[in-house]
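Participant: Provided herewith is a single structure, encoded as structure tokens, for subsequent inquiry.
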Amino acid sequence: MLNLMWINFVGLSGIIGLTKNRILSIKGNKNMISKSILILCIASLYIVINELNSININDYGYLRVVNVLNIDFGYDGIGLIFLILTIYLGVISIISNWENITEKRGTYMILLMLLVILMGLNFVCLDLISFYVLFESTLIPLYLIIGIYGGSKKNKAAYYVLIYTLCSSLFMLLSIVLIYVVYNNVDYVTINSKIISIELQSVLLIGLMIGLGVKTPLVPVHTWLPTVHSESPLGGSILLAGIILKLAIYGIIRILLSNISEISLLYAPILYVIGIITIIYSSLVTLSQTDLKVIIAYSSISHLGVCILGIFANNLLGIIGSLVLCLAHGFVSPALFILMGGVLYDRYHNRVLFYYQGLTQFMPLFAVYLVFFSFSNTGTPLSYNFIGEFLCITGAITNYPVIGVLAASSVLLSACYQMKLTNKLTSGTFSKYLSVTYDLLYREHFILFFLALPTLVLGIVPNFISNILYLSSNALIYSIVI
């Protein structure tokens, strides 16, 4: 029997297509598509949150499994939380560009909605082929969003995201084909119940990590992300930082930890070294950057490196910490992109750090949000980021004390570059190069408030989400019996 959530989700997706064809025939009404898509997003968010309220945290395995077009769809605690984050940020991204995009705005909103749908389906599909197809299909709307509505170097950024991801995903595709040849099945439940040889697991690990490592991204295959972020429109940056980067983390959990657990545990020290290099290198590079959006992009790389350490810690502290940090980063990083690329760039059309100074004097509300999200990004207590980073680093120290201590340096380094950014923008005397401008609009205040609210509330009361993640994460722990 089809679940009510799935019926509504598919029904809303179908309505989008019908709404698009009908509304495009109405000439002169540019806001109709945007309003319709926003209403559909909010309705979808309500349905999924209602499903969260009805979930029993003691239920084990995949829930509400249905078969549509011979493809199984369902969710567990991890998938449902990421699905809610996807739709939530979809609403935020639509509102963020409500006034900024003036040409072809209807097309832009349709592309955003298509991207949200494809990313949401990634978290509810239950087989590798569907995951790969949906994983790669997110490139199409993202490529169009950047290529049509991006900055002056939009063509370069669009080709970066396309070439990097496509080339790396070929190795992931070969690994999935190999899994199908061995198992004659790609269903998560089926392949999770079987064990293959260490040699074959090694080949699968290399192929899958090449594809997922680029999308994470890990050093040295991270260079596409700052370029793409700097040229992407605001809505694209929000979804890229908030969700698309999390698809790789979700893929590691679903494919590596569940199916090739033994080799993942044996190769964990190597993956830890890659994570440490990613954290330290990206943090040091961030200190030398002057482009505001590039600074936030490099900080995202550093935080995802911490997530990698938590995932391969092979204990509940690390795995839940990585999931919590992904969720917290999904609120804070989009907020910083809104402040840098949405508020400041819209006022001054300049993203150079040293162009700004003393903004507190005439933009006090902007300064308050900037200080709040900057402290959250550094993992300050009472923020949700603190919970994630603390659990990740604790999980890493439990298994590998030396590497865990090095991972703790991420806290110091993130404080260095984030406080440098915040201090330069807010403190000091009024810059002679700046003209006095208005503070946050009601629309900007609205979206920043609804990104700050979950960051603070979940930082104070984290058990609400952690209890849902606990049972699903417990199945990911692997032990070798001698």
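Read the figures in this text as sums done on the coordinates, not as results from a lab. What you are looking at is a predicted structure, and each value in this text was computed from that prediction instead of being measured. For neighbour counting, all protein chains shown are included, and Cβ atoms are generated from backbone atoms with ideal geometry for every residue, glycine included.
Participant: Might you report the magnitude of the Cβ-based charge dipole of the chain about its Cα centre, with Lys and Arg at +1 and Asp and Glu at -1, to the nearest 20 debye?
Facilitator: 1320 debye
Participant: For segment 344-463, what is the charge dipole size about the Cα centre, in debye to the nearest 20, if Lys and Arg each add +1 at the Cβ and Asp and Glu each add -1 at the Cβ?
Facilitator: Dipole about the Cα centre, nearest 20: 300 debye.
Participant: A further question follows. Using the count of nearby Cβ atoms within 10 Å as a rough guide to exposure, how do H445, H303, H229 rank from fewest to most?
Facilitator: H445, H229, H303
Participant: If one puts a single equal scatterer on every Cα of segment 267-482 and applies the Debye formula without solvent, what log₁₀ I(q)/I(0) results at q = 0.08, 0.09, 0.11 Å⁻¹?
Facilitator: -0.30, -0.38, -0.54
Participant: Also, I was wondering about something else. Taking 0.36 nm per intervening residue step and subtracting the Cα-Cα distance, what contour gain separates V461 from N31 on full extension?
Facilitator: Value of the extension gain: 150.9 nm.
Participant: Between I49 and H445, take the C-beta separation as r, use R0 = 22 Å, and let me know the FRET efficiency to the nearest 0.05.
Facilitator: 0.45
Participant: Would you mind putting 32-41, 397-406 in packing order, based on average other-beta-carbon counts within 10 Å, highest first?
Facilitator: Final packing ranking: 32-41, 397-406.
Participant: Ok, one more. Take the Cβ-Cβ distance between I163 and R347 as r, set R0 to 41 Å, and report the resulting FRET efficiency rounded to the nearest 0.05.
Facilitator: 0.75
Participant: Calculate log10 I(q)/I(0) of segment 400-469 for q = 0.27 Å⁻¹, where I(q) comes from the Debye formula with a single equal point scatterer on each Cα and nothing for solvent.
Facilitator: After summing over all Cα pairs, the log10 values are -1.08.
Participant: May I pose another question? How many nm is it between the label spots at I39 and N423, if each spot is 7 Å from the Cα in line with the beta carbon?
Facilitator: 5.1 nm
Participant: Can I ask one more? To the nearest 0.05, what FRET efficiency results for E262 and N70 with a Förster distance of 30 Å applied to their C-beta separation?
Facilitator: Given R0 = 30 Å and the Cβ-Cβ separation, E is 0.45.
Participant: Bin all alpha-carbon pair distances of the chain at 10 Å intervals from 0 and give each bin's fraction as a whole percent.
Facilitator: 4, 21, 32, 28, 12, 3, 0, 0
Participant: A follow-up question, please. At 0.36 nm per residue, minus the direct Cα-Cα distance, what do V405 and V273 gain on full extension? Give it in nm, one decimal, please.
Facilitator: Numbers: separation 132, 0.36 × 132 = 47.52 nm, distance 1.24 nm.
Separation in residues times 0.36 nm, less the Cα-Cα distance, equals 46.3 nm.
Participant: Please state the shape class of segment 208-248: rounded when a/c is under 1.5, otherwise prolate if a/b exceeds b/c and oblate if not, all from the C-alpha gyration tensor.
Facilitator: Verdict is oblate for segment 208-248.
Participant: Relative to the Cα centre, what is the charge dipole magnitude of segment 267-482, using +1 at the beta carbon of each Lys and Arg, -1 at the beta carbon of each Asp and Glu, and rounding to the nearest 20 debye?
Facilitator: Details: 7 positive and 5 negative charges, 67 e Å.
Its charge dipole is roughly 320 debye.
Participant: Bin width 5 Å, origin at 0, all Cα-Cα pairs of segment 343-453: what percent of pairs per bin?
Facilitator: In order of increasing distance, the bins hold 2, 11, 18, 19, 16, 12, 9, 7, 5, 2, 0 percent.
Participant: Reported to two decimal places, what Rg/Rh ratio describes segment 77-224 when computed on Cα atoms with Rh from the Kirkwood expression? Write down the numbers at each step before the final one.
Facilitator: Values: Rg = 17.5 Å, Rh = 17.1 Å.
Over the Cα atoms of segment 77-224, Rg/Rh equals 1.03.
Participant: Say each of S152 and E199 gets a label point 7 Å from the Cα, pointing the same way as Cα to Cβ; how far apart are those two points in nm?
Facilitator: Placing both labels 7 Å beyond Cα along the Cβ direction yields 5.6 nm.
Participant: Which one of N259, H222, S54 has its Cα pushed farthest toward the positive end of the charge dipole of the chain, where Lys and Arg give +1 and Asp and Glu give -1 at the Cβ?
Facilitator: H222
Participant: Kirkwood Rh over Cα pairs of segment 118-175 into Stokes-Einstein at 4 °C, 1.567 mPa s: D in µm²/s?
Facilitator: Numbers: Rh = 12.2 Å.
For these conditions, the coefficient is 106 µm²/s.
Participant: Filter K156/K246; K154/K293; K156/K420 down to the pairs with a C-alpha to C-alpha distance above 21 Å, please.
Facilitator: Over 21 Å apart, Cα to Cα: K156/K246; K156/K420.
Participant: Further, regarding this structure: Going by C-beta contacts inside 10 Å, put V189, V294 in order with the fewest on the left.
Facilitator: By the 10 Å Cβ count, ascending, the order reads V189, V294.
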